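Taking it in order: structure first as structure tokens, then the write-up.
The values are calculated or read from the model by the stated rules, or taken from the named source; none is laboratory data. Just so we're clear, the structure is a prediction, and the values are computed from it rather than from any experiment. Here the Cβ positions follow ideal geometry from the backbone for every residue, glycine too, while neighbour counts run over all protein chains shown. Ligands, DNA and RNA are stripped out before the accessible areas are found, and what is left, the full protein with its side chains, is counted by its heavy atoms. Shrake-Rupley method; radii C 1.70, N 1.55, O 1.52, S 1.80 Å.
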Amino acid sequence: MVEDPKYQSGEPPTPEGLPPGVVVSPDVYRPQRLPPGQSRTRKWPVLHWGRVPHIPRERWRLQIRGLVRQELVLTWEQFLALPQVQVFSDFHCVTRWSRLGNLWQGVAAATLLERAGVLPEARFVLLQGYDDGWTTNVPLEEFLQPDVLLAHSHDGQPLSDEHGGPVRAVIPRLYAWKSAKWVRAIYLLAEDQPGYWERCGYHNHGDPWKEERFG
Ligand SMILES: Nc1nc2c(c(=O)[nH]1)N[C@H]1C(S)=C(S)[C@@H](COP(=O)(O)O)O[C@H]1N2
Ligand SMILES: [Mo]
């Protein structure tokens with residue numbers, strides 16, 4: 001991506017001075033915060049595969065399905081009534097831009113899965129977006145990390161439609177394509193099921209520090 005050099009300068013936001021209780025993603029403490037092959041942008045590019053869905057909050061539902069004790073379908077009010085978390089983390093797109101120092105607010109993935117009660121056979125998660133057919137897969141263990149959330153706000157603003165509102169996943173330690181926008185359902189699975197871009201040749205895992213870009 002071609003960048004105005006002035007956007008590369010200046011120190012990225014650090015966790016110092018954050019309100020108490022904010023979960024800081026551990027990668028933020030690396031001496032070099034940019035993974036190999038990435039460059040920093042201060043803007044926030046919009047990237048996705050298809051059209052931008054608009055989901056009015058009163059019609060929005062979040063489903064948790066598959067290998068759970070109790071499948072859940074949450075309304076907007078029920079989602080907001082769950083314990084809220086703030087996460088400070090970096091965001092790395094496989095197309096080589098990184099946005100450092102994002103403050104997300106929403107509900108921890110672990111909190112949601114705890115409500116549904118994950119069965120012991122479950123080992124993988126498949127996230128499905130409201131953009132028809134779009135999915136992405138994550139190992140359950142990584143989805144349960146404390147810096148993973150279903151976010152409704154970014155840097156103090158509600159998420160716009162373009163950036164995945166009403167609610168998107170944020171999985172800071174993997175490339176941003178795993179951070180599903182417009183999340184409609186979280187499936188708990190025994191077997192891994194590659195998602196949309198994983199089937200199109202992206203790496204199944206997507207660790208930016210190992211440059212797991214393509215399969
Ligand atoms: N539902 C859905 N989520 C998605 C995508 C998509 O096409 N559909 N694209 C992913 C990719 S490749 C990236 S880099 C990030 C970009 O998020 P942003 O547009 O908020 O920067 O969203 C990810 N989440
Ligand atoms: Mo991306």
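Close contacts from the range 61-75, counting a first residue that is farther than 19 Å from Val167 by Cα and a second that is aromatic (Phe, Trp, Tyr), with Cβ to Cβ under 6 Å and a gap of 6+ residues or different chains, come to Gly66/Tyr187. Would you check if there is a residue in the range 171-181 being farther than 23 Å from Gln38 by Cα and either of a type in the set (D, E, K, R) or in contact (Cβ under 8 Å) with a residue 24 or more places away in the chain (or both)? Among the residues of the range 171-181, not one is farther than 23 Å from Gln38 by Cα and either of a type in the set (D, E, K, R) or in contact (Cβ under 8 Å) with a residue 24 or more places away in the chain (or both), which makes the answer no.
The residue that is nearest to Glu77 (Cα to Cα), among those in the range 163-189 that are away from ligand 2 (no atom under 16 Å from the Cβ) and open to solvent by 40 Å² or more (accessible area, probe 1.4 Å), is Arg184.
Each row is one residue, and each column tells you yes or no for (1) assigned to a loop (DSSP other than H, G, I, E, B); (2) open to solvent by less than 60 Å² (accessible area, probe 1.4 Å); (3) away from ligand 2 (no atom under 16 Å from the Cβ).
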{"site": "Glu11", "(1), (2), (3)": "yes, no, yes"}
{"site": "Leu18", "(1), (2), (3)": "yes, yes, yes"}
{"site": "Asp27", "(1), (2), (3)": "no, yes, yes"}
{"site": "Gly37", "(1), (2), (3)": "yes, yes, no"}
{"site": "Pro45", "(1), (2), (3)": "yes, yes, no"}
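Restricting the search to strands (runs of 3 or more DSSP E) fully inside the range 121-215 and requiring at least 2 residues that are among the hydroxyl-bearing types (Ser, Thr, Tyr) gives 135-139. Which of the residues spanning the range 80-111 are surrounded by 20 or more Cβ atoms within 10 Å (Cβ to Cβ) and outside any strand (DSSP E or B)? Result: Val94, Ala109.
Scan the range 47-71 for residues that are open to solvent by 30 Å² or more (accessible area, probe 1.4 Å) and not in a loop (DSSP other than H, G, I, E, B) and jot them down.
Correct list: Gln63, Arg65, Gly66.
Of all residues in the range 139-150, those that are under 15 Å from Asn204 (Cβ atoms) have Cβ atoms under 6 Å from Cβ atoms of residues that are of a type in the set (Gly, Ala, Ser), 6 or more apart or on another chain, in Leu140/Ala122; Phe143/Ala109.
Just checking, how many residues over the range 112-150 are open to solvent by 20 Å² or more (accessible area, probe 1.4 Å) and closer than 19 Å to Ser89 by Cβ? The number of residues fulfilling the criteria is 6.
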